[in-house]
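Colleague: Dropping the structure in here first, questions after.
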Amino acid sequence: MRIAADRTRCEGHGMCEALLPGIFRVDDGGNVTVLTDQVPEAELDDVRLAVDSCPVEALRLSGSG
């Protein structure tokens, strides 16, 4: 599975980074960066939680898995 971030929607709440700082980073300007586009299988449930927790729906998963 892949993670995609819509940086135009991101408002910098940082919930994704709080849950998975090794995968998401929110800079001082409030822009999210996905540090890896491939979701490690061991972290798939946590990534789904982070995607679902985004208050502005700026994150999504795609692909099989």
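The values are calculated or read from the model by the stated rules, or taken from the named source; none is laboratory data. Keep in mind that this is a model prediction, so the values were computed, not measured. Cβ coordinates were reconstructed from backbone atoms using ideal geometry, including for glycine residues, and neighbour counts include every protein chain displayed. The area values use the complete protein model at the heavy-atom level, side chains included, leaving out ligands, DNA and RNA. Shrake-Rupley method; radii C 1.70, N 1.55, O 1.52, S 1.80 Å.
Colleague: Tally the residues that are surrounded by fewer than 15 Cβ atoms within 10 Å (Cβ to Cβ) and at positive phi, restricting the search to the range 13-45.
Modeller: The total comes to 1.
Colleague: Could you look through the range 46-65, keep only residues that are over 15 Å from A18 (Cα atoms) and without any contact (Cβ under 8 Å) to a residue 60 or more places away in the chain, and pick out the one that is least open to solvent (accessible area, probe 1.4 Å)?
Modeller: Once the filter is applied, the top-ranked residue is A58.
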